[in-house]
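Just below is one structure, and these are the notes that go with it.
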Amino acid sequence: MGNTVDREERARIVARIQEERERLRPLQPEMTRTVIELLRRTVPEREPGVVPWVNMATIKGIEAQHGADGVVALALSLGNWAAAIAQDFARTNGHTAEQLMDYYETQFFEDDAS
């Protein structure tokens, strides 16, 4: 019986997520364009201190135009792009995505500790 409750709860969660994705779907093309523009602006940036400012300005602009829904849609798009880029980068360099994430996680915590 415990598994049935877990399965039912999972089904409710999945249904809520699907409903939310459908509700936000109209924002998807704009957020995809925004992510591409953001990456084009920040990836080649030589001054790392500029990147957070550009990111924050983008987020605040989306929030002003679309409210919290826009910020959520932007976050979803960024997450999707990050996953796709990491998978492509790892594959291109002969690693798994997990190995790539382990490397960056280790680097982050080493840098954070120093």
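The values are calculated or read from the model by the stated rules, or taken from the named source; none is laboratory data. Quantities reported herein were computed from a predicted structural model and do not represent experimental measurements. Because the Cβ atoms are built from the backbone with ideal geometry, glycine has one as well, and the counts that use them run over all protein chains shown.
Annotations
- Condition met for ARG40 (among the charged types (D, E, K, R) and assigned to a helix (DSSP H, G or I)): yes
- Pair list, Cβ < 8 Å and 6+ apart or interchain, from segment 52-74 residues that are at positive phi and touching a residue at least 40 places away in the same chain (Cβ under 8 Å) to residues that are exposed (fewer than 14 other Cβ atoms within 10 Å of the Cβ) and in a helix (DSSP H, G or I): none
- For the residues ILE62, ILE17, the requirement of being at pLDDT below 95 and under 16 Å from SER77 (Cα atoms) singles out ILE17.
- Hey, ASN80 surrounded by fewer than 14 Cβ atoms within 10 Å (Cβ to Cβ) and free of Cβ contacts under 8 Å to residues at least 12 places away in the same chain or not: no
- Failed item, numbered, when ALA84 is tested on (1) closer than 12 Å to VAL35 by Cβ; (2) not in a helix (DSSP H, G or I); (3) not hydroxyl-bearing (Ser, Thr, Tyr): (2)
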